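In what follows, a structure is listed as structure tokens, so that the remarks can point back to it.
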Amino acid sequence: MQAHTSSFPSMGLRVLSLGLALLTAAHFLRWNAPGQAAACATLGLAAALAPRLLPRPLALLLFAAGGVFWAHLGVEFALMRAAQNLPWLRLILIMGSVSLAFVAAAFSAARTRAGDDFGPLDGPAWTKTFAFVLVWGTLRVAQAKAPMPLLLGERFLPGSAPWWEVAFGLYAAWVTGGLLGPRGSMLRARIWALFSLVFFGQLFLGLAGWGIFLMTGALHLPIPALILAGPIYRGHGIFMLLLFGASILLVGPAWCSHLCYIGAWDHTMARLGPQRPRRLPAWAPKARMGILVLTILVPAVLRASGAATSTALLGAGLFGVGGVAVMVLASRRLGTMVHCTLWCPMGLVANLMGRLLPWRLRITTACTRCGRCLPTCRYNALSIQDLKKGRPGLPCSLCGDCVRACPHGAMEYAYLGLAPKTARLAFTCLAASLHAVFLAVARI
């Protein structure tokens, strides 16, 4: 009992958090900033009703930021009133008290007892906090710099961007924690499918006449191969190619297992197939390279020959339909993601670029070759021979399913000189953050 009363009681800290958040929200409402007000209220409700949504480092950061904000606000308002020869002492005492309340909440959250609510101060908690900050900061900068509203909610509710930035930050923190947990593989499949659903849902609604769902109105076919083939044919429009390249630089070939809007379809089809994925034939790597070469040569020839856009679109459309057929007929039959590991040229580009980058999946000497990891890999990247070599095959997309499945801890993420646990935390943070950002702006 004594331990319970030595600091703010658990419920008291929750109530204090909610009160301070609502007070800050009221300040923003008074200054006609409903988006900021909604963001503050949401954080307060999360702290009061579901504090585990706020990892403890994030709670500490928010309390500290609140203290600084109200102290700065108090000084600024006091100087304004003093310049006008108006009373200012009462105002600074009030705002100073609010600032001190935030500081008190921060000290209380830092106590061990707060771990009952906000969780521990460990590696995963810091990782979830970094994911929140990355997503919030990225969306904040992108929304401020873009010539159009990037967030869909901002188009429907002007001024709501601050709330969306916080909401997607919290989502990224939650996803990060889930991917690090024992059910991470299932969560990855679900959030990946969610992203694809949102991506294509917004496209179809936009094509149906709701232009608000489209980013620019300049449409292109949502086929990954066109990320490369499109700019070659058009001679311009490399935004998607740059976005793809930036994603690869951050998480290597994990673009294929976390971010590709088509890959989720292939993953679903493969999971409907045999529980133990079958290996692709020996000629598959050569066929895959041939498709990549054609993806470069065909649009170049079409451009050089002055072929009509309709001809190029027809060819691209047929390639896309062929990809769907591969998923339904081959991936489902084999249990292997044939579209991603043979048909799609961008998968090979991601794999080849990934070999030039530091991210690796390493199989250590702790591996007993028990084979528990083999059924989890649907990218045709794991076999007994690969286990003997100590590394997965070229099609590995760093999905992490084998890492979670290995009972011996023999599968590890590696990045330069980082310890394996730290490398996994860093990779998961980046992958979850990119997913959340892509989901927030998933429009064509």
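Scanning the stretch 140-162 for residues that are open to solvent by 90 Å² or more (accessible area, probe 1.4 Å), assigned to a loop (DSSP other than H, G, I, E, B) and within 17 Å of residue 36 (Cα to Cα) returns 157, 158. When residue 298 is tested against (1) surrounded by fewer than 20 Cβ atoms within 10 Å (Cβ to Cβ); (2) closer than 13 Å to residue 347 by Cβ, exactly one condition is not met: (2). Residue check: residue 342 meets all listed conditions (1) among the hydrophobic types (A, V, I, L, M, F, W, C); (2) buried (at least 23 other Cβ atoms within 10 Å of the Cβ); (3) assigned to a loop (DSSP other than H, G, I, E, B) but one, namely (3). Per the conditions (1) outside any helix (DSSP H, G or I); (2) surrounded by 24 or more Cβ atoms within 10 Å (Cβ to Cβ), the sole criterion not satisfied by residue 394 is (2).
For the stretch 353-367: of the residues being assigned to a helix (DSSP H, G or I) and touching a residue at least 40 places away in the same chain (Cβ under 8 Å), which is farthest from residue 402 (Cα to Cα)? Filtering the stretch 353-367 for residues that are assigned to a helix (DSSP H, G or I) and touching a residue at least 40 places away in the same chain (Cβ under 8 Å), the one farthest from residue 402 (Cα to Cα) comes out as 353.
Of the residues screened, residue 227 is one that is under 19 Å from residue 313 (Cα atoms), in contact with a helix residue (DSSP H, G or I) (Cβ under 6 Å, 6 or more places away or on another chain), surrounded by 19 or more Cβ atoms within 10 Å (Cβ to Cβ) and among the β-branched types (Val, Ile, Thr). Yes or no: the stretch 328-339 includes at least one residue that is open to solvent by 50 Å² or more (accessible area, probe 1.4 Å), farther than 24 Å from residue 227 by Cβ, among the basic types (Lys, Arg) and at pLDDT 95 or above. Yes, there is a match, as at least one residue in the stretch 328-339 is open to solvent by 50 Å² or more (accessible area, probe 1.4 Å), farther than 24 Å from residue 227 by Cβ, among the basic types (Lys, Arg) and at pLDDT 95 or above.
Among residues of the stretch 423-435 that are hydroxyl-bearing (Ser, Thr, Tyr), those with a Cβ under 6 angstrom from a residue that is open to solvent by 10 Å² or more (accessible area, probe 1.4 Å), sequence gap 6+ or separate chain, pair up as 428/180; 433/134.
When you scan the stretch 336-345, do you find a residue that is free of Cβ contacts under 8 Å to residues at least 60 places away in the same chain and under 12 Å from residue 411 (Cβ atoms), even just one? Looking for residues that are free of Cβ contacts under 8 Å to residues at least 60 places away in the same chain and under 12 Å from residue 411 (Cβ atoms), one finds none in the stretch 336-345, hence no.
Taking residues in the stretch 373-396 that are in contact (Cβ under 8 Å) with a residue 24 or more places away in the chain and at positive phi, and partners anywhere that are buried (at least 17 other Cβ atoms within 10 Å of the Cβ) and part of a loop (DSSP other than H, G, I, E, B), the pairs with Cβ atoms closer than 7 Å and at least 6 places apart or on different chains are 380/280; 380/336; 380/393; 380/395. Based on this model, can you work out whether residue 83 counts as modelled with pLDDT of 90 or more and surrounded by fewer than 15 Cβ atoms within 10 Å (Cβ to Cβ)? Against the criterion (modelled with pLDDT of 90 or more and surrounded by fewer than 15 Cβ atoms within 10 Å (Cβ to Cβ)), residue 83 qualifies. Quick check, is residue 320 surrounded by 13 or more Cβ atoms within 10 Å (Cβ to Cβ) and outside any helix (DSSP H, G or I)? Considered against the rule, which asks whether it is surrounded by 13 or more Cβ atoms within 10 Å (Cβ to Cβ) and outside any helix (DSSP H, G or I), residue 320 comes out as no.
Please verify whether residue 131 is assigned to a helix (DSSP H, G or I), under 22 Å from residue 17 (Cα atoms), open to solvent by less than 50 Å² (accessible area, probe 1.4 Å) and aliphatic (A, V, I, L, M), treating the condition exactly as stated. When the stated conditions are applied, residue 131 passes them.
The values are calculated or read from the model by the stated rules, or taken from the named source; none is laboratory data. The structure presented is a predicted model; accordingly, all values stated were derived computationally and were not measured. Positions of Cβ are backbone-derived with ideal geometry, glycine not excepted, and every protein chain shown enters the neighbour counts. These accessible areas exclude ligands, DNA and RNA; they are computed on the full protein's heavy atoms, side chains included. Shrake-Rupley method; radii C 1.70, N 1.55, O 1.52, S 1.80 Å.
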